[in-house]
Amino acid sequence: MTDNTAQGFTVPIGPQHPALKEPGHFQFTVDGEIVTRAYVRLGYAHRGIEKAAEARSWTQNLYLLERVCGICSHIHALAYSLAVEQLAGVEAPPRAQAIRVLVAELERIHSHFLWMGVSAHEAGFDTLFMYSWRDRETVMDLLEGLTGNRVNYSANLLGGVKFDLQAAQADSIRRGLDFLEQRTRHYLDVVSNDAMFLQRTRGIGVMTRAQAEVMGAVGPTARASNVGRDLRVEAPYAAYRDFPVRMALDERGDLEARFEVRIRELFESFRLIRQILDDLPPGELGVRLPRRIPAGEAVVRLEAPRGEVYYFVKSNGGDRPERLKVRTPTICNLTSVVRLAVGHQLADVPMILAGIDPCFSCNDRLVQLYQEETGEGRSMSWKDLRQYGIDFYARRQA
Amino acid sequence: MNTTPNVWQEVMRGMKTWARLNSPWVLHFNTGSCNGCDIEILATLTPRYDLERLGVRLQASPRHADILLCTGAVTRQARDRLVRIYAQMHEPKCVVAIGSCALSGGVFQGCYNVLGGIEDVLPVDAYIPGCPPRPEAVIDGVVKLLDGLRARGRQGKADSQ
């Protein structure tokens with residue numbers, strides 16, 4: 001029997017758990033109510049998309065990669081399209097780039113509203129959860145009107161976008177934004193003034209700027225710790241060169257700051273979408289891609305709602321990519337959860353986890369193997385892994 | 001031996017079916033989904049669509065739930081947990097597969113870590129197709145499932161299962 005008093009008591013949570021809708025396994029060692037050690041096991045949603053992409057054609061991958069994540073699907077398809085366009089040496093016309101950014105910003109609005117609801121739910125504030133999800137339906141309607149689908153929009157084509165923006169649609173987007181802006185002002189008031197809610201957010205999960213830089217935090221999580229990292233500003237892509245954004249920064253680094261940064265980003269998105277609608281460049285919606293994608297490598301970095309998305313695409317001149325690598329923001333931010341949870345009460349941990357806006361289907365680019373007897377991890381060298389593969393197939397054929 | 005059910009058993013069965021149909025509590029498990037279906041399930045439970053008006057409540061524990069909503073293709077790592085969660089639920093229980101991936105594996109068919117759809121692992125009572133299904137489709141699927149349960153209750157199968 002293990003000595004629980006010396007090691008503390010371990011609370012396993014997940015992969016099916018009430019807090020999040022996604023599978024992830026956590027173990028928190030607690031001393032009374034205080035967390036002394038945190039551990040996360042990933043890979044429940046690992047499907048092997050990177051490998052699958054090598055077996056599908058350039059066009060098929062557009063639809064596969066959109067399903068890396070259902071919340072930020074447009075960003076993944078956009079990153080892949082930009083990478084393929086970079087390989088092919090073409091650039092989508094300005095009108096297509098502007099429509100891409102328009103959809104990306106609408107997606108940011110829907111994602112931030114979704115996050116606000118889910119993390120309010122973690123705090124036991126279900127009223128805010130229900131209200132923010134009710135208002136989120138407005139932006140879902142706008143996305144559906146624009147693209148024809150509520151979740152996986154399929155707005156991108158290799159070399160452009162699928163649809164044009166009609167004047168009537170622009171008007172309905174403007175009306176929708178007016179409503180959302182008024183509601184967002186109310187939510188900013190709620191999260192920064194509601195005394196009950198502030199007890200759950202103020203001073204909880206504080207990450208200093210130095211910590212954020214060491215742990216490699218990205219996106220709104222980093223910006224709430226005053227790390228000025230936003231690829232829309234630092235390395236503008238698509239139409240962000242013509243439509244610049246202002247970064248929302250906060251120096252407090254706690255959960256309250258993360259709420260405020262995301263809500264301030266919403267206002268910035270509203271402004272940007274209005275500006276795009278006013279100054280939408282005329283012209284074509286797409287360019288023709290060469291029949292064969294030339295050999296080469298392309299790297300694309302984009303700012304998803306949760307932070308930096310990194311795509312590496314390698315072509316050997318064939319009809320499908322030779323290698324594709326995806327890195328998503330959640331994996332960068334999860335380190336901070338494991339570190340920040342230590343020293344906090346167990347009850348605060350769901351809030352700290354929700355504070356980074358985790359997305360496990362995005363980040364499960366790997367699977368962790370455990371030996372059944374000991375429950376411990378095992379690492380294999382490339383040589384061992386290769387031999388294991390050879391033996392495996394030899395056994396299967398025998 | 002008297003094989004005809006007595007009146008009390010009839011009444012009790014009717015009451016149980018009535019109670020079950022009016023409060024089907026659901027449990028949601030993501031077995032490797034892209035989140036698209038999950039956020040649509042959540043949208044179904046929130047004010048615009050409000051599935052709670054049919055008595056449907058999202059539960060946190062498998063032991064409190066009657067219906068298991070599964071989203072996503074079944075990955076190797078999530079399979080054992082899915083089976084365990086199903087085993088923890090009390091009879092009578094139903095499984096609903098939501099979304100193209102849960103039906104057949106969807107776009108992830110043939111991936112090395114994907115075993116296939118939910119039906120390859122568990123018996124499925126209702127299928128809701130779509131990528132992702134709209135909230136209206138989820139409501140429609142749940143209503144159809146409840147109709148099926150009502151018919152099953154009338155035939156007296158709900159208890160035996």
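Annotations
- The order of B:ARG63, A:ARG229, going from fewest to most other C-beta atoms within 10 Å of their C-beta, is B:ARG63, A:ARG229.
- Using C-alpha pairs under 8 Å with a sequence gap of at least 6, the mean separation divided by the residue count of segment A:40-185 gives a relative contact order of 25 percent.
- Nearest-20 debye value, segment B:1-108 charge dipole, Cβ charges on Lys, Arg, Asp, Glu: 220 debye
- B:ARG57 long-range amide H proximity, modeled H, under 5 Å: B:TRP25, B:VAL26
- Summing Cβ point charges (Lys, Arg +1; Asp, Glu -1) relative to the Cα centre of segment A:49-329 gives a dipole of roughly 600 debye.
- Positive-end residue of A:ALA79, A:GLN345, A:ILE263, charge dipole of chain A with Cβ unit charges: A:ALA79
- Charge dipole of chain A about the Cα centre (unit charges at C-beta), most positive-ward option of A:GLY216, A:MET130, A:THR29: A:GLY216
- Assigned charges on the beta-carbon of Lys, Arg, Asp, Glu; the protein assembly as shown dipole about Cα centre (debye): 1040 debye
- Among the lysines of chain A, pairs that are 8 or more positions apart or on different chains and have alpha carbons within less than 26 Å of each other number 10.
- Tensor-based shape of the protein assembly as shown (alpha-carbon gyration tensor, a/c under 1.5 rounded, otherwise prolate or oblate): rounded
- Going by neighbour counts of Cβ atoms within 10 Å, the residues A:HIS121, A:HIS110 line up, fewest first, as A:HIS121, A:HIS110.
- Against the main long axis of the alpha-carbon atoms of chain B, helix B:76-88 sits at an angle near 10°.
- Among beta bridges from DSSP that stay inside segment B:21-160, the antiparallel ones total about 10%.
- Each residue in A:TRP58, A:TRP133, B:TRP18 was given a count of other beta-carbon atoms within 10 angstrom of its own, and listing them fewest first yields B:TRP18, A:TRP58, A:TRP133.
- For chain A, relative contact order (Cα pairs under 8 Å, six or more residues apart, normalised by length) works out to 24 percent.
Where a number appears in this text, it was derived from the coordinates with a stated rule and is not lab data. Remember, predicted model here, so these are calculated numbers, not experimental data. Every residue, glycine as well, gets a Cβ built from its backbone with ideal geometry; the counts of neighbours run over all protein chains shown.
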